[in-house]
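Taking it in order: structure first as structure tokens, then the write-up.
Every number in this text was worked out from the coordinates using simple rules, so none of it is lab data. Since the model is a prediction, treat every value here as computed from it, not as a measurement. So basically every Cβ, Gly included, is an ideal-geometry build from the backbone, and we count neighbours across all protein chains shown.
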Amino acid sequence: MGDSTTPLRNLRIVVLISGNGSNLQAIIDATQNGQLNGEVALVISNRKAAFGLSRAEKAGIPTATLSLKKFKDAGKTRVDFDLALAETIKTKLAEGRPTADNEPYLIVLAGFMHILSSDFINQFPPPRHAIINLHPALPGTFDGIDAVERAFHAFQAKSITHTGVMIHKVIPEVDRGDVVLQETVKILDTDTLETLEERIHEVEHRLIVEGARVTLKRLVEGKGL
Ligand code: GRF
């Protein structure tokens, strides 16, 4: 990584999660084994029980939890939540590296089950920042939740032969936005939903690391997404 035009810098990565965090783990592992030239500086979950938080703690990474339900119970809106999430990212990163005011950083949505509004997205404009999302389907297909399950049923109904995984830039439209990387996953006649999910996860764990690598390189080059 890093060539003559891209100085090696340990750029910070913020990972947003909601659950198991196996994709977060793939990113952490890649930063530790030198595959990814970056540092996971913060993990935020919108669910207190997310196992990914334990993975982050085990790796010594600062964490935070923000619950939309708590905001709603307090009479606040989704926009309030999104603004608080953005503020948490900025504050925690500033605490962690006080001299890093102008350093770019990457935000990765890795199984983050919350639709971010433009109020959040606009806080992290290119070229200094990038926000990417992992979606277990190909561009323009099966937007939203349960994408693998819906693809599996579409296969059973003989409407598709394959599905895939993509990494894309986050825009207010769910699972849309310029594609950073994509990979096709063939669905087999012998597949069950579980075996298909397993193969999708394997691709996800590779693609999320590669998507982060490509995007970090763009940030280092001052390009953004
Ligand atoms: C992934 O399959 C992702 O595509 C999806 O949620 C899952 C998250 O898995 N939308 P994990 O929390 O990274 O293990």
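Against the chain, whose longest principal axis comes from its Cα atoms, helix 78-96 is set at around 60 degrees. Projecting the Cα positions of His129, Val174, Ala154 onto the charge dipole of the chain (unit charges on Cβ atoms of Lys, Arg, Asp and Glu, taken about the Cα centre) puts His129 furthest along the positive direction. Considering only Thr88, Thr99, Thr215, the Gaussian network model of the chain with Cα springs below 10 Å gives its largest mean-square fluctuation to Thr99. Residues whose amide H comes within less than 5 Å of that of Leu138, counting only those at least five positions distant or on another chain, are Gly164 (H built at 1.01 Å from N in the peptide plane).
Counting only Cβ charges, +1 for Lys and Arg and -1 for Asp and Glu, the dipole size of the range 82-225 around its Cα centre is about 540 debye. Annotation: amide H-H contacts under 5 Å for Leu36 (H modelled 1.01 Å from N, sequence separation of 5 or more, or interchain): Thr31. Close amide H contacts of Leu181 (hydrogens built in the peptide plane, cut-off under 5 Å, sequence separation of 5 or more or a different chain): Ile167. Relative protection proxy for 149-156, 50-57, from highest mean packing down: 50-57, 149-156 (other beta-carbon atoms within 10 angstrom). Rounded to the nearest 500, the 222 nm mean residue ellipticity of the chain from helices alone is -12000 deg cm²/dmol, with -39,500 (n - 2.57) taken per DSSP H run of at least 4 residues.
As a test, work out the antiparallel percent of DSSP beta bridges whose residues both lie in the range 36-177, rounded to the nearest 5.
Once the DSSP bridges in the range 36-177 are tallied, antiparallel ones form about 35 percent.
Taking the chain as the region of interest, the number of lysine pairs whose Cα atoms are within less than 14 Å, with members eight or more places apart or on different chains, is 4.
Computed from backbone phi, the HN-Hα couplings of the range 12-27 come to 8, 10, 10, 10, 9, 9, 9, x, 4, x, 5, 6, 4, 4, 4, 5 Hz, rounded to whole numbers (Karplus: 6.51 cos²θ - 1.76 cosθ + 1.60, θ = phi - 60°; Gly and Pro given as x).
Note on the chain: with a GNM built from Cα contacts shorter than 10 Å, the maximum mean-square fluctuation among Ala74, Ala26, Ala49 falls on Ala74. Angle of helix 193-220 to the longest C-alpha principal axis of the chain, folded into 0 to 90 degrees and rounded to 10: 30°.
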